[in-house]
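Step one of this worksheet: look at the structure below.
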Amino acid sequence: MAYNNIIVETQGAKATVTFNRPKALNALNTETLLEVKQAFTEFENGGEVRVVIFTGAGEKAFIAGADIGELKTLDVVTGKKFVETGHSVLAQIENSRIVSISAVNGFALGGGCEFMMATDIRVASENAKMGQPEVNLGIIPGFGGTQRLTRLVGKGRAKELTFSARIIKADEALRIGLVEFVFPADQLMAEANKLADTILSKSPLGVQYAKELINRGGEVDLTNANAFEIQAFAALCATDDKNEGLGAFLEKRDAKFSGK
């Protein structure tokens with residue numbers, strides 16, 4: 001499918017989605033959100049793609065925020081529809097069996113920060129800058145920012161960043177746990193691809209179950225979270241991946257997982 005605002009590239013089980021509105025600093029509008037949803041749905045339905053890397057076109061921005069021109073036109077009804085669309089797209093990415101990586105190559109502000117927080121792993125270039133500056137505009141984060149930021153960095157830090165609209169650099173984002181790695185700009189995509197390839201070398205079922213458990217576990221008490229883990233571990237004991245993984249370890253060879 002042809003897209004107007006994103007570039008989709010696939011290489012076997014790995015895909016790269018590049019936000020491609022450089023003149024607008026890759027700002028998110030409804031059309032872009034729906035294109036991402038369509039692309040991600042195709043990945044899920046196709047079954048081959050297991051890791052997706054998201055990044056932004058140009059050197060200035062991953063996603064500089066939601067499209068200000070569209071935001072200016074919103075009323076109560078259209079505003080609700082707009083943020084519901086954003087929530088739907090980010091929830092799909094967050095809850096998918098597919099692993100998602102954000103390669104943050106510049107500004108990740110507002111909706112851009114919210115987008116990267118919905119992905120599984122975040123790597124940033126040294127020149128990246130992040131924040132939730134919505135209160136500067138008389139609004140609040142609308143794509144889950146108040147909730148995911150709190151879960152990632154804690155309530156106090158989330159309040160400070162959101163109330164002050166402070167924009168932070170990559171080194172601080174790393175220190176507070178908002179991103180997992182920071183690399184020189186010219187190494188960012190190579191490192192993101194290296195991470196994706198490492199994940200692709202592991203058991204597809206193991207990674208899928210682990211992602212689901214980590215996501216679900218944060219929503220329930222520890223006793224129930226551990227019960228989910230027990231059930232998942234038992235289910236994996238009946239898989240070809242488990243037999244292959246343990247067999248390869250004992251035979252001192254690389255495992256060849258089938259995802260079955």
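Some notes on this structure:
- Computed from the C-beta positions of Thr10 and Asp240, the FRET efficiency with R₀ = 25 Å rounds to 0.50.
- Charge dipole (Cα centre; +1 on Lys/Arg Cβ, -1 on Asp/Glu Cβ; no other charges) of segment 118-239 amounts to roughly 280 debye.
- Column: log10 I(q)/I(0), Debye, Cα scatterers of segment 1-87, q = 0.10, 0.13, 0.16, 0.21 Å⁻¹: -0.27, -0.45, -0.66, -1.01
- Placing a label point 7 Å from the Cα of Asp186 along the Cα-to-Cβ direction, the residues of segment 114-136 whose backbone N falls under 15 Å from that point are 126-127.
- With a simple spin-label model that places each label point 7 Å from the Cα along the Cα-to-Cβ direction, the separation between Asn45 and Lys60 comes to 3.6 nm.
- Dimensions of segment 142-248 from C-alpha coordinates, computed as largest minus smallest value along each principal axis and given longest first, are 52, 40, 22 Å.
- Once the Cα-Cα distance is subtracted from the 0.36 nm per residue extended length, the Arg157 to Glu31 segment shows a gain of 42.1 nm.
- For segment 204-250, size of Cβ-based charge dipole, Lys and Arg +1, Asp and Glu -1, in debye: 20 debye
- Interchain or long-range residues, amide H under 5 Å from Asn127's placed H: Ala185
- Just checking the listed ones, Leu149, Leu246, Leu74: in the Gaussian network model of the chain with Cα springs under 10 Å, the one fluctuating most is Leu246.
- In this Cβ point-charge picture (+1 for Lys and Arg, -1 for Asp and Glu), the chain has a dipole of about 360 debye about its Cα centre.
- Rg then Dmax, both in Å and based on the Cα atoms of segment 65-147: 13.1, 39.
- Gaussian network model of the chain, Cα within-10 Å springs - most flexible of Glu31, Glu219, Glu229: Glu219
- Alpha carbon centroid spacing (whole Å) that separates segment 153-195 from segment 71-94: 24 Å
- Taking the chain as a Gaussian network of alpha-carbon nodes connected by springs under 10 Å, the highest mean-square fluctuation of the residues Thr162, Thr150, Thr32 belongs to Thr150.
- Amide hydrogen neighbours beyond the local backbone of Arg21, cut-off 5 Å, H modeled: Asn26, Ala57
- Our estimate of slack between Phe228 and Ala255, defined as 0.36 nm per intervening residue step minus the Cα-Cα distance, is 7.1 nm.
- When the chain is described by a simple charge dipole with +1 on each Lys and Arg Cβ and -1 on each Asp and Glu Cβ, the residue from Gly218, Asn5, Gly69 located farthest towards its positive end is Gly218.
- Percent of Cα-Cα distances greater than 18 Å, calculated over segment 204-250: 33 percent
- Taken one residue at a time, the phi angles of segment 50-60 give Karplus couplings (6.51, -1.76, 1.60, θ = phi - 60°) of 10, 9, 10, 9, 9, 8, x, 6, x, 9, 9 Hz. Gly and Pro are set to x.
- Dimensionless Rg over Rh [segment 6-200; C-alpha; Kirkwood]: 0.94
None of the figures in this text is laboratory data; all of them are computed from the coordinates on show. Every value quoted in this text rests on a predicted model; they were computed, and no experiment measured them. Neighbour counts are summed over all protein chains in view; Cβ atoms, including those assigned to glycine, are modelled from backbone coordinates with ideal geometry.
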